[in-house]
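Asker: Here it is, the structure in full.
The values are calculated or read from the model by the stated rules, or taken from the named source; none is laboratory data. This one's a predicted model, so the numbers in the text were calculated from it and none came from an experiment. Note that each Cβ is placed from the backbone with ideal geometry, even for glycine, and that neighbours are counted across all protein chains shown.
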Amino acid sequence: MGKYFGTDGFRGKAGEDLRSEHAFKIGRYLGWYYGQKHPNGERARIVIGKDTRRSSYTFENALAAGITASGADAYLLHVTTTPSVSFITNDEGFDCGVMVSASHNPYYDNGIKLLNGEGEKMEDEIQDEIERYMDSAEDYIPYATEDKIGKTEDHYFGRNRYIGFLAGLAMKSFENCRVGLDCANGSAWMIARAVFDALGAKSQVINNQPNGTNVNDNCGSTHIEGLQKFVVDNMLDVGFAFDGDADRCLAVDENGNVVNGDKIIYICAKYLKEHNQLPGNKVVVTIMSNFGLFKALDNVGIGYEKTKVGDRYVYENMKENDYAIGGEQSGHIIFRQHAHTGDGILTAIMLMNVMIKTQLPLSILAQNCEMYPQVLKNVVVDDKEATLQDPKVLEVVEKCGESLGDTGRVLLRASGTEPVLRVMAEAGTDKEAEENVDLIIAAMAQSGHLVEVRKK
């Protein structure tokens, strides 16, 4: 990861960590870089989407200004989802796509996600060059003049094409299905209902009144308890919760129980396997997926690859090995036959397809994938690498793993941005999981590496 761009773009507090001049320079570089790839004088074409945060308008305008100042054309999708930007970029042959969003973060944060011409997360090498330009004392990229200056175009109809694409993924009508949608006051606030209504569902929507400051505010996939109550109170068949830019989806079954990303992967992979549509008979998940998912996959004879945390690593593994489905417990699910990134609404449609084709409620489909109790503590240490290699710490980690055997596991991993180690254990009970986490933290303290255990 670079100075500004992490695994999911450039993200930070709007007006402090991420400012309009950052967006302008990103736009300047993108317009110039992709312009070089059109030697016959054709303009580069870059499409921009944004979520509902108040600051998104600032960054959208700054990006468009930078792009056009470098001689490229900017196409505005306005408020839309990250996966829709990915779809339109690839489907309509744009040079690249940009999404202004901080995903599941609170409204005062924002971010800039960059997508290449295939709608995939942009290559690290290009983002590294952008960072160098952003930090350079000299503005070495020429400004376009006269008729070489780019233009900004309204491309709102691109959203309608995306809605049509999603609706075409349903195997059957959703007629008579009672569906709850929690749009997190974010990007899905219009699109999700449009899709489900087009498919005939009896949709009921909550948190679809964005005001610029209420995105993810006690709603959506990070605060799913509201949807749980809504599904039960209104006797719905299923509920789906999205995050701010709708690249995540968590589900709620008819009894109000949460069906997280791990369970969604299990349900869909099992269905694909049963219909000979699971290439390599494997799924791709991260090291943070629940131990219960691995046990459930073992029980139905499905293999799995584990990657580092981050949906970009999941996608890279899927693409390299031609796997069909992968994702994260948080609800980033990738169906590679249909999308190049996580797509919350697409995930909801895929889960609905399984429910309708099997004629089984979500509670039954998820019942054989039981999540193990998990305890995760973030620990500040003096030196991440030294702690990870300390023999005494490693000895305790090994002993904890051996004591749990096939009834759980422990995991110790470093944060990519902070002097923090994440200590996680999964076991048969919360108490057992916490005891193992505390044993590992105690070993860090005895070795002199521990600074503090964070409360959250």
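Asker: Quick one: Gly164 ticks every box in (1) in contact (Cβ under 8 Å) with a residue 40 or more places away in the chain; (2) surrounded by fewer than 13 Cβ atoms within 10 Å (Cβ to Cβ) except a single one, so which number is it?
Answerer: Unmet for Gly164, out of (1) in contact (Cβ under 8 Å) with a residue 40 or more places away in the chain; (2) surrounded by fewer than 13 Cβ atoms within 10 Å (Cβ to Cβ): (1).
Asker: If you go through segment 45-81, how many residues are assigned to a loop (DSSP other than H, G, I, E, B) and under 20 Å from His340 (Cα atoms)?
Answerer: Residues in segment 45-81 being assigned to a loop (DSSP other than H, G, I, E, B) and under 20 Å from His340 (Cα atoms): 3 in total.
Asker: Read through the list (1) surrounded by 16 or more Cβ atoms within 10 Å (Cβ to Cβ); (2) assigned by TED's automatic domain parsing to the domain that holds Asp253, then give the number of the only condition that Pro361 fails.
Answerer: (1)
Asker: Under 6 Å between Cβ atoms, which residue pairs at least 6 apart in sequence (or on different chains) link something in segment 428-450 that is surrounded by fewer than 19 Cβ atoms within 10 Å (Cβ to Cβ) with a partner that is among the acidic types (Asp, Glu)?
Answerer: Pairs found: Ser447/Asp390.
Asker: Can I ask one more? Among the listed residues Tyr372, Tyr315, which satisfies the condition of being touching a residue at least 40 places away in the same chain (Cβ under 8 Å), buried (at least 18 other Cβ atoms within 10 Å of the Cβ) and either touching a helix residue (DSSP H, G or I) at 6+ places or on another chain (Cβ under 8 Å) or within 26 Å of Asn436 (Cβ to Cβ) (or both)?
Answerer: Going through Tyr372, Tyr315 in turn, just one is touching a residue at least 40 places away in the same chain (Cβ under 8 Å), buried (at least 18 other Cβ atoms within 10 Å of the Cβ) and either touching a helix residue (DSSP H, G or I) at 6+ places or on another chain (Cβ under 8 Å) or within 26 Å of Asn436 (Cβ to Cβ) (or both): Tyr372.
Asker: Taking segment 280-302 as the search range and keeping residues that are hydrophobic (A, V, I, L, M, F, W, C), at pLDDT 95 or above and outside any helix (DSSP H, G or I), which one is surrounded by the fewest Cβ atoms within 10 Å (Cβ to Cβ)?
Answerer: Val300
Asker: In segment 58-80, which residue that is over 28 Å from the mean Cα position of the chain (by Cα) and aliphatic (A, V, I, L, M) is surrounded by the fewest Cβ atoms within 10 Å (Cβ to Cβ)?
Answerer: Across segment 58-80, the extreme among qualifying residues is Ala69.
Asker: Let me ask something else about it. Suppose the filter is among the β-branched types (Val, Ile, Thr) and within 27 Å of Lys13 (Cα to Cα); does Ile88 pass it?
Answerer: no
Asker: Turning to a different aspect of this structure: Using the structure shown, decide if Glu305 is in contact (Cβ under 8 Å) with a residue 12 or more places away in the chain and either surrounded by fewer than 19 Cβ atoms within 10 Å (Cβ to Cβ) or hydroxyl-bearing (Ser, Thr, Tyr) (or both).
Answerer: It is true that Glu305 is in contact (Cβ under 8 Å) with a residue 12 or more places away in the chain and either surrounded by fewer than 19 Cβ atoms within 10 Å (Cβ to Cβ) or hydroxyl-bearing (Ser, Thr, Tyr) (or both).
Asker: Under 8 Å between Cβ atoms, at least 6 apart or on separate chains: pull out the pairs that start in segment 255-282 with a residue that is closer than 15 Å to Leu297 by Cβ and in contact (Cβ under 8 Å) with a residue 12 or more places away in the chain and end on any residue that is assigned to a helix (DSSP H, G or I) and of a type in the set (Ser, Thr, Tyr).
Answerer: These pairs meet every condition: Ile264/Thr347; Tyr271/Thr358.
Asker: Going by the structure shown, is Glu21 surrounded by fewer than 22 Cβ atoms within 10 Å (Cβ to Cβ), on the phi < 0 side of the Ramachandran plot, part of a helix (DSSP H, G or I) and more than 20 Å from the chain's Cα centre (by Cα)?
Answerer: The answer is yes for Glu21.
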